[in-house]
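The values are calculated or read from the model by the stated rules, or taken from the named source; none is laboratory data. Remember, predicted model here, so these are calculated numbers, not experimental data. Here the Cβ positions follow ideal geometry from the backbone for every residue, glycine too, while neighbour counts run over all protein chains shown.
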Amino acid sequence: MHCAVVQGENLHVRICVQLYELQRFHASLMVVGRPGVGKTSCIQTLMKTVSAVDGGGTVYRESRINPKSIMVDQLFGSFSAATSDWVDGVFPVLLRRATSVTRSQSHYCV
């Protein structure tokens with residue numbers, strides 16, 4: 001049993017390192033997978049580790065969306081035929097905030 005726990009921890013560390021390397025070279029990325037595989041714990045571990053290593057110089061923010069809890073129009077936005085206006089949804093607003101951060105900030109949309 002101890003060997004299985006160690007292997008699980010090694011896998012978690014490897015995935016965190018891979019996520020770190022990906023985020024260094026890409027403007028954005030998505031972490032997807034089945035429920036319970038460790039996506040959130042990997043992101044949280046990465047945020048805490050990088051923050052500790054760089055001495056707190058980078059501000060990390062995390063925003064969460066549960067797409068199953070709201071309607072599609074509320075999530076992505078909609079066009080109002082009555083006013084001819086586009087109304088942004090939660091996702092575009094969140095992405096706009098995430099892309100407007102400075103170099104010393106990092107934003108995770110979960």
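Every condition in (1) in a strand (DSSP E or B); (2) touching a residue at least 24 places away in the same chain (Cβ under 8 Å); (3) more than 20 Å from E21 (Cβ to Cβ) holds for F91 except the one numbered (1). Determine whether segment 73-85 contains at least one residue that is part of a loop (DSSP other than H, G, I, E, B), over 30 Å from Y20 (Cβ atoms) and modelled with pLDDT of 90 or more. Taking every residue of segment 73-85 in turn, none turns out to be part of a loop (DSSP other than H, G, I, E, B), over 30 Å from Y20 (Cβ atoms) and modelled with pLDDT of 90 or more. On the given criteria, is V13 modelled with pLDDT under 80, among the β-branched types (V, I, T) and either in a helix (DSSP H, G or I) or loosely packed, with under 13 Cβ neighbours inside 10 Å (or both)? Judged against the criteria, V13 is not a match. There is at least one residue in segment 51-59 that is in contact (Cβ under 8 Å) with a residue 24 or more places away in the chain and under 25 Å from R14 (Cβ atoms). Among the residues making up segment 16-66, a single one is basic (K, R), outside any helix (DSSP H, G or I) and over 24 Å from V93 (Cα atoms): R34.
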